[in-house]
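**Student:** One structure follows; several queries about it will come next.
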Amino acid sequence: MQKFSTLKSIPAYLPIVNIDTDMIIPKQFLKTIKRTGLGKNLFFEMRYDDKGKEINEFVLNKTPFNKSKILIAGKNFGCGSSREHAPWALLDFGITCVISSSFADIFHNNCFKNGILPIILNDDKIKELSEYANRKEEIFVDLNEEKVIYGNNEVRFKVDPFKKQCLLEGLDDIALSLNKSKKIESFEKDLKSQKPWIFND
Amino acid sequence: MPNTLYDKIWNDHLVDQQADGTALLFVDRHLVHEVTSPQAFEGLRNSNRKVRHPKLTLAVADHNVPTTDRSKGISDKESKIQVDTLEANCKEFGIKLFGMGDKRQGIVHIIGPEQGFTQPGTVIVCGDSHTATHGAFGSLAFGIGTSEVEHVLATQTLVQKKAKNFRINVEGKLPLGVTSKDVILQIIGKIGTAGGTGCVIEYAGDLIRSLSVEQRMTICNMTIEGGARAGLIAPDEKIFKYLEGKPMSPKGKNWENALGYWRNLKSDDGAKFDKEVNLKAEEILPMITWGTSPQDVITIDGKIPNPQNEKNEDKKNSLERALNYMGLKPNMAAKDIKIDKVFIGSCTNGRIEDLREAAKILKDKKIASHVHAMVVPGSGLVKEQAEQEGLDKIFVNSGFEWREPGCSMCLAMNADKLKPEERCASTSNRNFEGRQGRGGRTHLVSPGMAAAAAISGSLDDVRKYQN
Ligand code: SF4
C-alpha cells in the first residue's frame, strides 16, 4: 500500500449529501477482476452524458479539479454497497483524501486499506474549505500532525491511531495480523474444544 | 456487568485486543461471491498465502448470473470471466462452491441460512453490505471490503473496533397487510440512512419476537440502509427449529451442545445501550419509498413531499434533486404513481414466504396490461419449493415472468435492468440513482405491495386486495 503523510492540492467540492458507492462507481464497472483502471469511470453517471461525452459542468471534468487530490463532499459519503471499487476508482483518478462531515462505516474502512485518508470535519469547516475549492486555492493536509492547513488557518482532525500508523508506514494489514498467528492458533484450539460444531468436524 | 448480545458475541471472538481499542476478531463463517473476491484471491496468490480455513468459507455466484435459460452459459463476456474466475479460485484454494448449475445456487444471503451455514452466536462476514441479513439468527454479521476479504481468507480474522450498542424496540401487533418490510422502511425513515452509523442494532420487542425467521431476515437485511454496521435479533426456538436438520447445521452431540450455547444468546437485563428507539407496530402502515434514498419513505396513503416546505437549504436541494430524478411532482398522491415494471426478488424479499405473500394477492388476478413484471426466486431451493406449491403457476397466470435465481434487477449487473425513466415497484433494498439501470426509477415496497402495484398498474394499497 502507498504511504500517506502530507498532501497539497486544490480541493474539488461536490456539494451532494449521501453520495453512495453506486454513484462513485456504478455496477457495470464491477465486472473487473483487477483493482486498477477504474479512475476513468469514477462518478460515471454524473461525469458523462448518454453518448459517453464528458459533461463540462461536472466538477471533476473541469481544470484544475480534474487534477485534484482532495475531494470535499456532503455528509454520509460512501454509503450503500461495500464495493471496494469505490476507493479504487478514487485512487486511480488520483484522489487520496476525502473530506466530509461523516462517512459510511465500510467505505471509511476501505479507504484506509488503500492509502486514502478520509477526514471528518464539521459542516462549518467544510464550508470554509469549500471556499478554497471555489477560489481554486491549495490546501494542505498533514496526517502526522492531524491537521488541515488553509491560508493562515488550520483545523485539527482525528484519526484512529492504529489506522494512522498503517497509513503513514504503508503497512500491510495481513502481515501485521499474521504476526499474531500464535494467538490465532491458541484461539482456534480453545474454539475446537468449546464449540466443536464451528469446524463442522 | 450485564452485557448486550453484541457484547457477548464480540467478547467470545476476541483473538487479540490492542490498547488503542483495535481488536482482532475470529471469523466463524465467510461467504464469498464473484464480484468482490477476484482481487482478494489475486492478492493471496501474489503474496504466496493460503486460505487458512477453506471449510469455514462458502462461495456462490449470484450477482452476474443470467436469470433466463442458462443452458448456453453466460453471454456477457465480462460477467462470464468473473464467474469463471470464482470457479477457478475456489478450485485452487479448496473452497466449496455452488456453481451455476447447482440447485443450491442462489443469492449469497439466502443460501447461507438455507444450508445451515449461518448459525447463532457466530461472526459472519462477506464482501457484501447485506451480510447484515444473517443477524436474524443472532449472529454478528456484517459486510466487508475486498482487502478485508483477503484478510479473512488469509487469517480467518478481521481487524475491528467495537461499535456502539443501539436497540430498536417494536412492540405490539402489525395491522393486516403490513409486513416486516414496512417495519424496516419505517425504521429507516425514522432514524435516517446515517442513523445507525458506528452502531450495531439489536431489534427487540414482542413484535420482533412474533416474526417468522424469514421476516426477521428482511429486517436485518436492510439494517445497512440505516447506516449501522450490523443488525441482530436474539435467537429463539423458531431459529433453532429452522436450523435443525439443515445440511451444514451441527449434528448429534454437536447439535445438543450448540443448542445449549445458543439458548444463552440474549442481552442481559439491565445491559446498557448507547441509543434506543421505540416503535409501536400498530402505527406502521404499508410503506413506499418515493425518492433516491431508502430514508425517503411515505405511507401508501401519503403524498410526495414539497421542497418548498423545507427550510434547510441542503435538504431542500436534495429533495429537489430526488424529485427531479424520480420524475415526480410535489404533493402528488402516492397511489397516482404509475409504474412500468415490477420486480419481486433480492436478498431482502426473495424467500419462499415473500413469494407466498405476493402469490396470495395475485391469485386469480391479472396484472395491468402495460406492466412488465418478474419474479426472481432467491435461490434454486426457493424456486423448487415455490414450484412444488404451485406458486409459479399463479405468477405466470397473472402475467409475471418466472425466472432463475440470482440478484437480477436488484442491482442490474446482469441483463435485467430498467431503461431510463422506467419506473419500478421493487422488493429490493436500494433506490439509489441508477441502481436498477441508468435513469431507472425505483420504489421500494413489500412483496404484497409489489403484487398490488402490478395489478393496479400504479402504486397501490395491498390492503385493498386482502381477503
Ligand atoms: S440481491 Fe441485491 S442487495 Fe442482495 S446481494 Fe444481490 S445485489 Fe446485493
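**Student:** Can you sort B:Arg167, B:Arg321 by 1.4 Å-probe accessible area, starting with the largest?
**Tutor:** Per-residue accessible area, sorted high to low, gives B:Arg321, B:Arg167.
**Student:** Next up: Per-residue HN-Hα couplings for segment B:68-75, Karplus 6.51 cos²θ - 1.76 cosθ + 1.60 at θ = phi - 60°, whole Hz, x for Gly and Pro?
**Tutor:** Ordered by residue, 3J(HN,Hα) equals 9, 2, 9, 5, 9, x, 9, 7 Hz.
**Student:** Give the Kirkwood hydrodynamic radius (Å, one decimal) of the protein assembly as shown, defined as one over the mean of 1/r across all pairs of different Cα atoms.
**Tutor:** Taking every pair of different Cα atoms in the protein assembly as shown, averaging 1/r and inverting gives 25.2 Å.
**Student:** Still on this model: So if we plug the beta-carbon distance of A:Arg135 and A:Phe199 into 1/(1 + (r/R0)^6) with R0 = 60 Å, what FRET efficiency do we get, rounded to 0.05?
**Tutor:** Working: r = 61 Å, r/R0 = 1.01.
Result of the calculation: an efficiency of 0.50.
**Student:** Can I ask one more? Carbon-plus-sulfur fraction of the accessible area of the protein assembly as shown, 1.4 Å probe, in percent?
**Tutor:** Values: 11980 of 24900 Å².
Percent of accessible area from carbon and sulfur atoms in the protein assembly as shown: 48.
**Student:** Still on this structure, I have one more. Select from A:Met1, B:Ile361, B:Gly291 the residue farthest towards the positive end of the dipole of the protein assembly as shown; place +1 on Cβ of Lys and Arg, -1 on Cβ of Asp and Glu, and compute about the Cα centre.
**Tutor:** About the Cα centre, the residue reaching furthest to the positive side is A:Met1.
**Student:** Take the alpha-carbon centre of segment B:413-460, take the same for segment B:159-226, and report the distance between them in whole Å.
**Tutor:** Each part reduced to its Cα centre gives a spacing of 22 Å.
**Student:** Over segment A:6-185, what is the relative contact order in whole percent, taking alpha-carbon pairs under 8 Å and six or more residues apart?
**Tutor:** 24
**Student:** While we're on this one: In peptide B:216-225, what is the residue-averaged number of other protein chain Cβ atoms found within 10 Å of each Cβ?
**Tutor:** Working: counts 0, 0, 0, 0, 0, 0, 0, 0, 7, 2.
Mean partner shielding for this stretch: 1.
**Student:** Follow-up. Can you grab the distance from the C-alpha centre of segment A:21-92 to the C-alpha centre of segment B:364-405, Å, no decimals?
**Tutor:** Between the Cα centre of segment A:21-92 and that of segment B:364-405, the gap is 37 Å.
**Student:** Output wanted: per-residue J couplings in Hz (rounded whole) for segment B:266-273, from phi through Karplus 6.51 cos²θ - 1.76 cosθ + 1.60, θ = phi - 60°, x for Gly and Pro.
**Tutor:** These are the phi-based 3J(HN,Hα) values: 7, 5, 5, 4, x, 5, 8, 10 Hz.
**Student:** Quick check: with the 1.4 Å probe, what order do B:Glu225, B:Glu313, A:Glu57 take by accessible area, largest first?
**Tutor:** Per-residue accessible area, sorted high to low, gives A:Glu57, B:Glu313, B:Glu225.
**Student:** Using modelled amide H (1.01 Å from N, peptide plane; none on Pro or chain starts), what sits under 5 Å from the amide H of B:Asp62, excluding residues fewer than 5 places away?
**Tutor:** B:Glu34
**Student:** Which residues in segment B:196-216 have a backbone N closer than 18 Å to a point placed 7 Å from the Cα of B:Arg356 along the Cα-to-Cβ line?
**Tutor:** Correct set: B:209-216.
**Student:** Would you please give the residues with an amide H less than 5 Å from that of B:Leu232, counting only those at least 5 places away or on a separate chain, with H modeled from the backbone geometry?
**Tutor:** Placed amide hydrogens put B:Ile201, B:Glu202, B:Tyr203 under 5 Å from B:Leu232.
**Student:** Okay, moving on. Anything losing 50 Å² or more of accessible area from the isolated chain to the full protein assembly: pick those residues out of segment A:78-110, probe 1.4 Å, ligands and DNA/RNA ignored.
**Tutor:** SASA drop of 50 Å² or more in segment A:78-110: A:Ser82, A:Asp105, A:Ile106.
**Student:** Hey, can you list the residues from segment A:17-59 whose accessible area shrinks by 20 Å² or more with all protein chains present, relative to the chain by itself (probe 1.4 Å, no ligands or nucleic acids)?
**Tutor:** Output list: A:Val17, A:Asn18, A:Asp20, A:Asp22, A:Met23, A:Lys27, A:Leu30, A:Lys31, A:Ile33, A:Arg35, A:Glu45, A:Asp50.
**Student:** If you average the sequence gap of Cα pairs under 8 Å that are 6 or more apart and divide by the length of chain B, what percent do you get for the contact order?
**Tutor:** 17
**Student:** Additional query: Once the whole set of protein chains is in place, how much accessible area is left on B:Glu310, using a 1.4 Å probe, in Å² to the nearest 10?
**Tutor:** 60
**Student:** Calculate how steeply helix A:181-194 sits against the longest principal axis of the alpha-carbon atoms of chain A, using the helix alpha-carbon long axis, and give the answer as 0 to 90 degrees to the nearest 10.
**Tutor:** 60
**Student:** Accessible surface of A:Asp172 in the full protein assembly, 1.4 angstrom probe, to the nearest 10 Å²?
**Tutor:** 70
**Student:** Moving on. Straight-line reach from B:Lys363: which lysines have Cα under 24 Å away, leaving out those fewer than 8 places along the same chain?
**Tutor:** B:Lys363 reaches B:Lys181, B:Lys335, B:Lys338, B:Lys341, B:Lys383, B:Lys393, B:Lys464.
**Student:** How large is the charge dipole for segment B:229-361, taken about the Cα centre, if only the Cβ atoms of Lys, Arg (+1) and Asp, Glu (-1) carry charge, to the nearest 20 debye?
**Tutor:** In debye, rounded to 20, segment B:229-361 gives about 380.
**Student:** Follow-up question, since we're still on this one. Compare each residue of segment A:177-191 in its chain alone against the assembly with all protein chains, and report those whose accessible area goes down by 40 Å² or more; 1.4 Å probe, heavy atoms.
**Tutor:** At a threshold of 40 Å² (probe 1.4 Å), the residues of segment A:177-191 that become less exposed are A:Ser177, A:Leu178, A:Lys180, A:Lys183, A:Ile184, A:Phe187, A:Glu188.
**Student:** Report the accessible surface area buried between chains A and B, summing both sides, using a 1.4 Å probe on protein heavy atoms only, in Å² rounded to the nearest 100.
**Tutor:** 5600
**Student:** Could you sort B:Ser369, B:Ser379 by their accessible area in this structure, using a 1.4 Å probe and putting the largest first? Let's see the in-between values first.
**Tutor:** Numbers: B:Ser369 120, B:Ser379 0 Å².
Most to least solvent-accessible, the answer reads B:Ser369, B:Ser379.
**Student:** Still on this structure, please answer the following. Using a 1.4 angstrom probe and counting only protein chains, how large is the accessible area of B:Lys275 in Å², to 10?
**Tutor:** It works out to around 90 Å².
The values are calculated or read from the model by the stated rules, or taken from the named source; none is laboratory data. Just so we're clear, the structure is a prediction, and the values are computed from it rather than from any experiment. Cβ coordinates were reconstructed from backbone atoms using ideal geometry, including for glycine residues, and neighbour counts include every protein chain displayed. Ligands, DNA and RNA are excluded from the accessible area calculation, which covers all protein heavy atoms including side chains. Shrake-Rupley method; radii C 1.70, N 1.55, O 1.52, S 1.80 Å.
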